[in-house]
Each structure stands twice: as structure tokens, then as C-alpha cells.
Amino acid sequence: NAGVTQTPKFQVLKTGQSMTLQCAQDMNHNSMYWYRQDPGMGLRLIYYSASEGTTDKGEVPNGYNVSRLNKREFSLRLESAAPSQTSVYFCASRTIQNSNQPQHFGDGTRLSIL
Amino acid sequence: QQQVKQSPQSLIVQKGGISIINCAYENTAFDYFPWYQQFPGKGPALLIAIRPDVSEKKEGRFTISFNKSAKQFSLHIMDSQPGDSATYFCAASMNRDDKIIFGKGTRLHILP
């Protein structure tokens, strides 16, 4: 019953450092997503992957890269962290094979860039 | 055309009252409208969802009302309880489209 697992839960970086946020799902979902959540801005899509081997840009992709490692895992990388990337990051997964289905979210990674 | 507009941004309701959150959309191709509930420190979780072929869906104290002609839908929480205090997001998507479009969220606080 793990669902969507994100690691780490908290991280503090200095400007210019790099890091990778990890996400794994055990529900055999095809699609995976990365969002950032900022006060008053709702959930903004960074990147998504409709299936293993494919990735597409969302609303706010600049400064980020992603890798769909396999069907279970979808990672988000910050190559050179900036204070504007301080946010809470959520990973989600979904299957859309049989009609619209909801997204299932992890509990987030809280990232601070100093 | 891809936006989902949500209001109010924040809402305070007395215990036992009715909480109402409204959303509007432009894209008539949307055909799936979920609502998500998010507690502090947690990810959003599906609360209730509706498709445009029905005007209302009820699950316990939570009801979605859908007005296709006005391109609006709303969440009603009856007999609101302090445990309902959370952030609520409306959303919309098209059949077999990968993306779900979220509203900006409503922070609901129920006074004990």
C-alpha cells in the first residue's frame, strides 16, 4: 500500500548546488508527473511522462530536468539550484487506459534554496 | 482556454455550516472534474469527481454540483466539521489526455 513514494522529504541547498528528487510508484501506472506548489499559485506542472521512455514539458519546466528511469520511477533534477526554486515538490501518477482516472500524489519534498 | 478558475482563495465557516467552493472553466472539451483535498504536510488526495453527463454527485457530506451550460462546478460540504479544514483544489481534464488542470486552491478553515 505504498502508493507514491518521494525522497527526500526535506532538503536545504545552497544556490548553485544540484540535486535529484526521487519518485517511485507501485500501482503500475503509465503516467507520472512532477508539480511544484507555492502559496497562492496552486499546483503547477513542471514535467510529465505519459509512458516509460517519454517526457514532456509542463507549465514551468525551466531550470529542471527529468528522467523516466522505468515504469515505476520518475526523477526530477535541479542542475543549478536558485532561490526561486524554493518550493514543495509533488510527484503524482495516474493511469488513463480506461477513461479518466485521478492522480495519486506523494507527500512531497520540501526544498529550500539559500 | 486551459485555465480552471477557483474561488474563494480562503474561506472560514462555522462548525455545522455549509462550505461552498466554486470553479469555472473555458474548455468545453473537459469531461472529467475531480476535487482534491490536501491536509498540511500531505499530498493532495482525490475527494470526489464528476463527469458532465450528470448535474450532481453526492458522497456523504460532500456534493459536487455541475452546470454544463455555465461551465461551472462547485463543491458543497454540508455540516462542516473542524476535520474538514484543509486546502481544496478543483481540477479538469479531457478524456485520455495526460494532463489535469488544477485551480489555485481554497484554504478552508472550520471554526470549532
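Quick check for me: using +1 on Lys/Arg Cβ and -1 on Asp/Glu Cβ, what's the dipole size of chain B about its Cα centre, in debye to the nearest 20?
The dipole of chain B has a size of about 160 debye.
Taking the simple approach of a point 7 Å from Cα along Cα-to-Cβ for both residue B:76 and residue B:7, what is their distance in nm?
Each label point lies 7 Å from its Cα, and together they span 2.0 nm.
Near residue A:58, within a Cβ-to-Cβ distance under 9 Å, what is the net charge of the other residues, with Lys and Arg +1 and Asp and Glu -1?
It works out to a net charge of +1.
For chain B, go through all pairs of different Cα atoms, get the mean of 1/r, take its inverse, and jot down that Kirkwood value in Å.
Taking every pair of different Cα atoms in chain B, averaging 1/r and inverting gives 14.0 Å.
Before anything else, pin down the relative contact order of chain B: Cα pairs under 8 Å, at least 6 apart, normalised by residue count, whole percent.
37 percent
For the cross-link pairs B:42/B:104; A:9/B:42; B:5/B:99; A:57/B:71; A:57/B:99, which exceed 21 Å when the distance is taken from alpha carbon to alpha carbon?
Beyond 21 Å: A:57/B:71.
Give me the percent relative contact order of chain A, please, defined on Cα pairs under 8 angstrom at least 6 residues apart.
Value for chain A: 35 percent.
To the nearest 20 debye, what is the magnitude of the charge dipole of the protein assembly as shown about its Cα centre, counting +1 on the Cβ of each Lys and Arg and -1 on the Cβ of each Asp and Glu?
260 debye
Enumerate the amide H contacts of residue B:31 below 5 Å, restricted to partners 5 or more residues apart or on another chain; note that Pro and chain-start residues carry no placed amide H.
Residues meeting the criterion, in which the H sits 1.01 Å from N, are B:93, B:94, B:95.
Given labels modelled 7 Å from the Cα in the Cβ direction, how far is it in nm from residue A:28 to residue B:27?
Here the modelled spin labels are 2.9 nm apart.
From the mean inverse distance of alpha carbon pairs (Kirkwood) and the Cα radius of gyration, derive Rg over Rh for segment A:1-93.
For segment A:1-93, the value is 0.95.
Just how large is the dipole of chain A about the Cα centre, in debye to the nearest 20, putting +1 at every Lys and Arg Cβ and -1 at every Asp and Glu Cβ?
120 debye
Place +1 on the Cβ of every Lys and Arg and -1 on the Cβ of every Asp and Glu in chain B, take the dipole about the Cα centre, and give the residue among B:10, B:46, B:28 whose Cα lies farthest towards its positive end.
The listed residue farthest towards the positive side: B:10.
Each reported figure results from applying straightforward, stated rules to the coordinates on display, with no laboratory input. On a predicted model such as this, the values are computed, not experimentally measured, just so you know. For neighbour counting, all protein chains shown are included, and Cβ atoms are generated from backbone atoms with ideal geometry for every residue, glycine included.
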